[in-house]
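The values are calculated or read from the model by the stated rules, or taken from the named source; none is laboratory data. Being a predicted model, the structure only gives us computed values, none of them experimental. Using ideal geometry, Cβ is built from the backbone for each residue, glycine included, and neighbour counts are taken over all protein chains shown.
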Amino acid sequence: MSYREPLEIVSGHGRTVRGGDGRDYLDFYSGVAANLLGYDVPQVREAVERQLSTGVLHTSTFYLIRSQVELAERIADVSGIDDPVAFFTCSGTEAVETALLLATEYQRSRHVIALRHSYHGRSFGAVAVSGDKRWQGTGLSPVCVDHVPAGPEQGDGGHGQVDGYALELEDLIDAAPGRRIAALIAEPVQGVAGAVPLADGQLAAYARVVHDRDSLLICDEVQTGWGRTGRFWGHQWDEDVRPDLLVFAKGVAGGLPLGGVVGRRAVMSCLPMPSISTFGGNPLSTAAAVATLDFIVERDLPRRAGQAGRALGALLEEGLAGLASVRRVQGRGLLLGVAFQDPASGAPCAEVATAVHEECRARGLLVGLGGSAGHCVRVMPPLTLTDEEVRRGAALLVDAARGVDR
Ligand code: PMP
């Protein structure tokens, strides 16, 4: 993946950012999905300013932070987990690491299963290198990982059939009798991999297999949470998926740093020392998150994301139809990707995606890059975008792809 000179962003309003070059850009990447509601949202700004005006910016662990408690309550309400406990971090990476630490400790097993092509963050060793073993429980980290197939569009197993996926997972687990699996961790739609959804029923099938064996399910909803896919959580696209631990971050605090885990009490409290984080759940981020969550719920943004995502997907499908370099439009809700290919060989092609990414920017549209071969343009606009912005963004992207395909 290669990027040209990074664009300086000097201000933002609604779904538009002003670049250091003085131009306005329609943002279809939301600051890598962090600006879930767009820019300069009055409710979020006021919540942050209110907190700033108290003078209290310091953090959580040993004090009661009102906005943290409010956020924990709201997240508990929407988590779908019985008797849930939430823990806040500063990022998705830390939240994933927390979930893995808890799952491996709870299960007394270092074996974790993940999906091929998944991305769960950049640090996975911090706790393992800590000198004080109490933070590690019995010191089972780091984990041992096996991988099972991702969604059918990745074409790497399961034959696109729910039974096929379940069978692969069962075979993997049962091949080593007596080996306990701590957890399976999965993104319901693989974001960095290019917005690749799992097959209908695939996550539920995986969940059944791990729960039948008393293992845990960790849903990494860092990109798919808060309505982006058209449901509040991405895992809700399958019936009856009950995560034991749910990881969130990115858009939750309207652009400020915040992540976390919400999960079953027994798992969340299995370490001998309580988890602490100096800046996790800090007053500014949690105040912004309470305002963000209220905004999402009051305006039913999951439904809006579903609607706008269908319209955007259809416009992209229609506009890109027949282009030899376009492999497919994929994703769910407003977590979309366009996969590109080499027109001659049909192989995934990063060069085309990179060129389209550049052409979008030249036309005033910000999108992202991703994909297991770097061959996808990622489209994740703020959930507040208007119908006019759906049309304008789709037209700019189609125009850019046509320009490259010539
Ligand atoms: N999980 C997923 C699914 C992600 O997409 C990301 C970030 N792209 C992370 C975890 C890590 O989050 P962060 O960058 O906030 O550490």
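The figures follow:
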{"item": "Filter result for Tyr39 (touching a His at 6+ places or on another chain (Cβ under 9 Å) and of a type outside the set (Val, Ile, Thr))", "result": "yes"}
{"item": "Any chance Leu71 is at pLDDT 95 or above, among the hydrophobic types (A, V, I, L, M, F, W, C) and assigned by TED's automatic domain parsing to the domain that holds Phe248", "result": "yes"}
{"item": "Residue match in the range 40-47 (condition: within 26 Å of His211 (Cβ to Cβ) and either at pLDDT 95 or above or part of a strand (DSSP E or B) (or both))", "result": "no"}
{"item": "Qualifying positions in the range 238-276 - touching a strand residue (DSSP E or B) at 6+ places or on another chain (Cβ under 7 Å), among the small types (Gly, Ala, Ser) and more than 23 Å from Pro197 (Cβ to Cβ)", "result": "Gly260, Gly263, Ser269, Ser275"}
{"item": "Members of the range 150-195 found to be assigned to a loop (DSSP other than H, G, I, E, B) and charged (D, E, K, R), listed by number", "result": "Asp156, Arg179, Arg180, Glu187"}
{"item": "Count of the range 17-32 residues which are in a helix (DSSP H, G or I) and buried (at least 16 other Cβ atoms within 10 Å of the Cβ)", "result": "2"}
{"item": "Identity of the residue in the range 196-213, without any contact (Cβ under 8 Å) to a residue 40 or more places away in the chain and in a loop (DSSP other than H, G, I, E, B), that ends up nearest to Arg242 (Cα to Cα)", "result": "Gly201"}
{"item": "Selection from the range 185-202 of residues that are among the β-branched types (Val, Ile, Thr), touching a helix residue (DSSP H, G or I) at 6+ places or on another chain (Cβ under 8 Å) and either within 11 Å of the ligand (Cβ to nearest atom) or in the same structural domain as Ala350 (by TED's automatic domain parsing) (or both)", "result": "Ile185, Val189"}
{"item": "Residue count, the range 214-225 (criterion: in a loop (DSSP other than H, G, I, E, B) and away from the ligand (no atom under 14 Å from the Cβ))", "result": "2"}
{"item": "Qualifying positions in the range 98-116 - touching a strand residue (DSSP E or B) at 6+ places or on another chain (Cβ under 6 Å), in a loop (DSSP other than H, G, I, E, B) and either of a type in the set (S, T, N, Q) or within 15 Å of the ligand (Cβ to nearest atom) (or both)", "result": "Arg116"}
